[in-house]
Amino acid sequence: MSDTHVLIVGAGPTGLTLGIDLARRGIPALVVERADELFPGSRGKGFQPRTMEVFDDLGVLDAIHAVGGGYPVGMIWRNGERLGEHHMSEPAEPSEDAPYNEPWMVPQWRTQRILLERLEELGGKVAFGREVTGVVQDPEGVIAHFASGGPVRARYLVAADGGRSAVRRAVGVGMTGEEVDPFPTLVADVRITGLDRDNWHFFPQGEGPEDLLAICPLAGTEDFQLVARFAEGTEVDLSPEGVRQVVAARSHLAAEDVTEVRWASDFRPRAALADRFRVDRVFLAGDAAHVHSPAGGQGLNTSVQDAYNLGWKLGAVLGDGAEAALLDTYEEERRPIAAQMLGLSTSIHRGETRRGGATRQLDLGYPSSTLTTETRTAPGPVRAGDRAPDAEVSGVRLFDAFRGPHWTLLALGTDAPEPPAAVRLVHGPAHGTYGAGLFLVRPDGYVGWAGDTPAGLPEYLARFGGR
């Protein structure tokens, strides 16, 4: 039987992100994946600005920028004629505090390759062809059994194995949710001639949503992502010929204009939330914990941030001597966020809400968390629990200072105490974005503690270990 500190089940964006975060902290971890290779399709294709900030910290932002692009403007077609543009979201300009302002498109298969390369660069690895068949816990750890190969023992196990999570079922966690709409949906990656790559093309057939066809150029590739909805009860034909017939029936294009079908799948949009995100030494993250409608691009982004929240906490417990009770705050902080984002996804799917500020996820935070301590009597614009915005302080870009697995102390317009070795200090005048005070920024980019004086700061930091 092999051993590791953390066993991560699933090599999607969630599992790979967590693997990267643990690897850079020096925490032994193994990612296992039931398939023989990384997921081959586009599926989740967009990153919200907050996820771009996470990728900045994890060292993959340049690679993500290099292979992606912004979202194209929608174009409505009817009878082979362009009817006009359709803007999918409210535009936003970049600012000093939020430098990544708009969603960025990268097909999921390419994102996972980038994340895997980063994981391997840090010394981590993925074991493919490892399907979990059982999970047994004891007071000291978890043993995972597989369809082939020997068992693996870990101190903690993280289920990042998708909406049909085998681990979630093995530990007896249910999901509560609803069908978002009854219409089966086809999604496919295709090559097409006769369509420009400057627009996201929509071919409405009537008033009902069941006849929708949308074809979006996938940035950085020669592919398009095709999405088509069908009447309730339809058996979706996933064959190349079936995909071609949908295009021919619903647009001015001919079947032979679809020159290649590279991947195809079908699903029924639903929203569901796991009843728990933790059972003893097993944690649920990503789609294993929450399943979204794809509308609004919240599922993948919420999943990446699950991993980002859990990574530093596992690192503190396993590497820094923090009390294991710190891990209780993962469910405390992430489950309400997941519930909120599920509601947003469903509202956008049903046309009740437009993509805009809320979908960018920059305003999410943990103000009511037990890890959040605000000691000032008159807090300024940034409070404990808020996302720590970018800014330039005394010639230092804060996102540069935050980058890495450490904590950061901002001393703005006040005397700077001598921080522990594990805390990076940035000292400068009061700042328009932050105001004045002391701001202790967590490894995941949220203000954990804020005060006018250092009183209480050493005691707060002591909760997270001694390194």
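Mind checking whether some residue in the range 455-463 is among the small types (Gly, Ala, Ser) and either surrounded by 15 or more Cβ atoms within 10 Å (Cβ to Cβ) or in contact with a strand residue (DSSP E or B) (Cβ under 6 Å, 6 or more places away or on another chain) (or both)?
So far as the range 455-463 goes, no, none of its residues is among the small types (Gly, Ala, Ser) and either surrounded by 15 or more Cβ atoms within 10 Å (Cβ to Cβ) or in contact with a strand residue (DSSP E or B) (Cβ under 6 Å, 6 or more places away or on another chain) (or both).
Scanning the range 292-326 for residues that are open to solvent by 20 Å² or more (accessible area, probe 1.4 Å) and farther than 29 Å from residue 464 by Cβ returns 292, 294, 297.
Yes/no per residue for (1) outside any loop (DSSP other than H, G, I, E, B); (2) closer than 23 Å to residue 333 by Cβ; (3) open to solvent by 60 Å² or more (accessible area, probe 1.4 Å):
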| position | (1), (2), (3) |
| --- | --- |
| 369 | no, yes, no |
| 377 | no, no, yes |
| 384 | no, yes, no |
| 390 | no, yes, no |
| 405 | no, yes, no |
| 417 | no, no, no |
| 426 | yes, no, no |
| 453 | no, no, yes |
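The condition of being open to solvent by 60 Å² or more (accessible area, probe 1.4 Å) and in contact (Cβ under 8 Å) with a residue 60 or more places away in the chain holds for only one of 176, 185, that being 176. Just so you know, in the range 92-132 the residues that are among the aliphatic types (A, V, I, L, M) and in a strand (DSSP E or B) include one that is modelled with the lowest pLDDT, and it is 105.
When 222, 241 are checked against the criterion of being loosely packed, with under 14 Cβ neighbours inside 10 Å, closer than 22 Å to residue 39 by Cβ, modelled with pLDDT of 95 or more and among the acidic types (Asp, Glu), 222 stands alone in meeting it.
With respect to (1) crowded, with 17+ Cβ neighbours inside 10 Å; (2) assigned to a loop (DSSP other than H, G, I, E, B); (3) among the acidic types (Asp, Glu), the lone exception for residue 210 is condition (2).
When we screen 124, 162 for residues that are under 20 Å from residue 25 (Cα atoms), open to solvent by less than 40 Å² (accessible area, probe 1.4 Å), under 22 Å from the mean Cα position of the chain (by Cα) and among the small types (Gly, Ala, Ser), the only hit is 124. Yes or no: residue 8 aliphatic (A, V, I, L, M) and under 22 Å from residue 407 (Cα atoms)? Judged against the criteria, residue 8 is not a match. Residue 421 passes every criterion in (1) open to solvent by 40 Å² or more (accessible area, probe 1.4 Å); (2) assigned to a helix (DSSP H, G or I) apart from (2). Summed over the range 407-457, the residues that are closer than 25 Å to residue 51 by Cβ and polar (S, T, N, Q) give a count of 2.
Residues in the range 161-183 that are under 11 Å from residue 283 (Cα atoms) and in contact with a Phe, Trp or Tyr (Cβ under 9 Å, 6 or more places away or on another chain): 173 alone.
Do we have residue 98 as of a type in the set (A, V, I, L, M, F, W, C), more than 28 Å from residue 28 (Cβ to Cβ) and open to solvent by less than 60 Å² (accessible area, probe 1.4 Å) here? Can you show your working first?
On the way: of a type in the set (A, V, I, L, M, F, W, C): yes; more than 28 Å from residue 28 (Cβ to Cβ): yes; open to solvent by less than 60 Å² (accessible area, probe 1.4 Å): yes.
In short, yes.
Per this entry, residue 227 is counted among residues that are open to solvent by 30 Å² or more (accessible area, probe 1.4 Å), aliphatic (A, V, I, L, M) and out of contact with any Asp or Glu (no Cβ under 9 Å at 6 or more places or on another chain).
In the list 412, 362, 371, which residue meets the criterion of being more than 26 Å from residue 25 (Cβ to Cβ), among the aliphatic types (A, V, I, L, M) and in contact (Cβ under 8 Å) with a residue 24 or more places away in the chain?
Exactly one residue qualifies, and that residue is 412.
Test residue 31 against the criterion of being at pLDDT 95 or above, aliphatic (A, V, I, L, M), closer than 18 Å to residue 308 by Cβ and more than 14 Å from the chain's Cα centre (by Cα), and give yes or no. For residue 31, the condition - at pLDDT 95 or above, aliphatic (A, V, I, L, M), closer than 18 Å to residue 308 by Cβ and more than 14 Å from the chain's Cα centre (by Cα) - is met.
The values are calculated or read from the model by the stated rules, or taken from the named source; none is laboratory data. Being a predicted model, the structure only gives us computed values, none of them experimental. Heads up, the Cβs are rebuilt from the backbone with ideal geometry, glycines too, and the neighbour counts pull from every protein chain shown. The area values use the complete protein model at the heavy-atom level, side chains included, leaving out ligands, DNA and RNA. Shrake-Rupley method; radii C 1.70, N 1.55, O 1.52, S 1.80 Å.
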